[in-house]
Structure formats: structure tokens, C-alpha cells
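Okay, so here's the structure we're looking at.
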């Protein structure tokens, strides 16, 4: 089961992220709330906060020392 966010313009659904499945899937559509802005309006700072959540993965060893800088770390 996957959940995606989309905007419905009265005729079509516009996904707000990449759809993680191929075609021929059964879907359930739930209308949650009206959109507060149209697509031509810039997002406010508050709306931008967290909008990329889940799109990046940080490596498990992100903060591990790099071999290239080992001589400077001693």
C-alpha cells in the first residue's frame, strides 16, 4: 500500500511526488482539505518546511571520518 499527495483540479489529479507503482493498481481516493493556494503562487516558508521529507536518504556512516582527511585529524 502506498500513499501519495495530489491536487485535484475538478477534472484531473496532479501528483505532488513520484508515484512509486506502475499501472493497473486499485486506488482509493480520500478528499482531505482544499488547497490554500493555486499552483502559480510561491510557497510560504512555513509551507516549504518539510516538503522534501522522505526524498533523500542519508548514509549510515555520514559522520564517520573520511580516509582522505585522516592525516589532518590526528
*asked:* Can you tell me the convex hull volume per residue for the chain, based on C-alpha atoms, in Å³ to the nearest whole number?
replied: 196
_If I stretch the segment between residue 26 and residue 68 completely, what's the gain in nm (0.36 nm per residue apart, minus their alpha carbon distance), one decimal?_
10.1 nm
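Using only helices, what value at 222 nm comes out for the chain when you add -39,500 (n - 2.57) per DSSP H run of length 4 or more and divide by the total residues, to the nearest 500 deg cm²/dmol?
Mean residue ellipticity, 222 nm, calculated: -1500 deg cm²/dmol.
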*Expressed in nm to one decimal, what extension gain is obtained for the pair residue 44 and residue 59 from 0.36 nm per residue of sequence separation less their Cα-Cα distance?*
2.4 nm
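Every number here is computed from the coordinates shown, using simple stated rules; none is lab data. The structure displayed is predicted, hence computed values, not measured ones.
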